[in-house]
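So the structure is just underneath, and the comments pick up after that.
The values are calculated or read from the model by the stated rules, or taken from the named source; none is laboratory data. As the structure is a prediction and not an experimental result, all values here were calculated from the model. Note that we place each Cβ from the backbone using ideal geometry, even for glycine, and neighbour counts take in every protein chain shown.
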Amino acid sequence: ASKPSNGSERQVLQPEGPMRVAEGNTLLLRCAVDSSCTDDMMKWVKVSHHHQQEIYNFKHGDFPGVTPMIQGTREPLSCDYSIYIHNVTSKHAGTYHCVEFSDLSEKSEKTLEKGTSVLVKGAGDPEPDLWIIQPQELVLATTGDTVFLNCTVLGDGPPGPIRWFRGAGPSREAIYNFEGISQPNVTAVQASSRDFSILLQDASAERTGTYYCVKFQRKFNRQYLSGPGTRLRVRGET
């Protein structure tokens, strides 16, 4: 995602990944902009083996098999440029960048920062060591509710904790750590050894955002695999 060089530029937020998807399934790539949304000068670019390919352009063009997640009205102060890639194949493996471009040039004028890396499991591939399943794309709640955020982890992967974060990029907020300190009013469900779901108590508008269930690799202290994220919207009581 691109980073602002001064206060007037918008910050583009997308998860780091890697994310894993099985061939034939639908991939959700999330991207949000942290300011008001007045135009659609955004696009997705895939980089693989130093080759760049435009995947989706919100301004114009026809992109079979790719659709925007949100159509029509967008939330103020949180423009959503997430997309679905349908019927994934092994060719979809690579790193995806959500970028701004100017009206004068179709090419992005920003250096491509770290994007969202995507791993694809082919039909004949061996079962990977880890899957992170976040089945809820969107959760709607009312102020004061207790919110259930679902995460199931299949396989073990390398030693290291499962953690929850709100948001993406360097400013993402740590919410829950299954091996460490967590925020108050957040508890683990742990209905089984594979259940890494959490409960957010006393929901408020400040908790609105996208929540990611993430596996870390302790040896290198790095993110190993991320879930696709769950968007939470909290509205006031009516």
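Search region 209-237 for residues being in contact with a strand residue (DSSP E or B) (Cβ under 8 Å, 6 or more places away or on another chain) and without any contact (Cβ under 8 Å) to a residue 60 or more places away in the chain, and hand back the single one that is nearest to LEU28 (Cα to Cα).
That would be GLY209.
So if I check each of GLU127, GLU113, GLU75, GLU106, which one is part of a loop (DSSP other than H, G, I, E, B), charged (D, E, K, R) and either modelled with pLDDT of 90 or more or loosely packed, with under 12 Cβ neighbours inside 10 Å (or both)?
On inspection, the qualifying residue turns out to be GLU127.
Test LEU27 against the stated conditions and say whether it is under 30 Å from GLY157 (Cα atoms) and at pLDDT 85 or above.
In short, yes.
Do we find that GLY169 is within 18 Å of THR116 (Cβ to Cβ) and not in a strand (DSSP E or B) in this structure?
Yes; evaluated as a whole, the condition is true for this residue.
Name, by its number, the condition in (1) closer than 24 Å to CYS79 by Cβ; (2) modelled with pLDDT under 95 that does not hold for THR143.
Single failed check for THR143: (2).
Does ILE181 fit the bill of being surrounded by 17 or more Cβ atoms within 10 Å (Cβ to Cβ), among the β-branched types (Val, Ile, Thr) and out of contact with any Cys (no Cβ under 7 Å at 6 or more places or on another chain)?
No: the conditions fail for ILE181.
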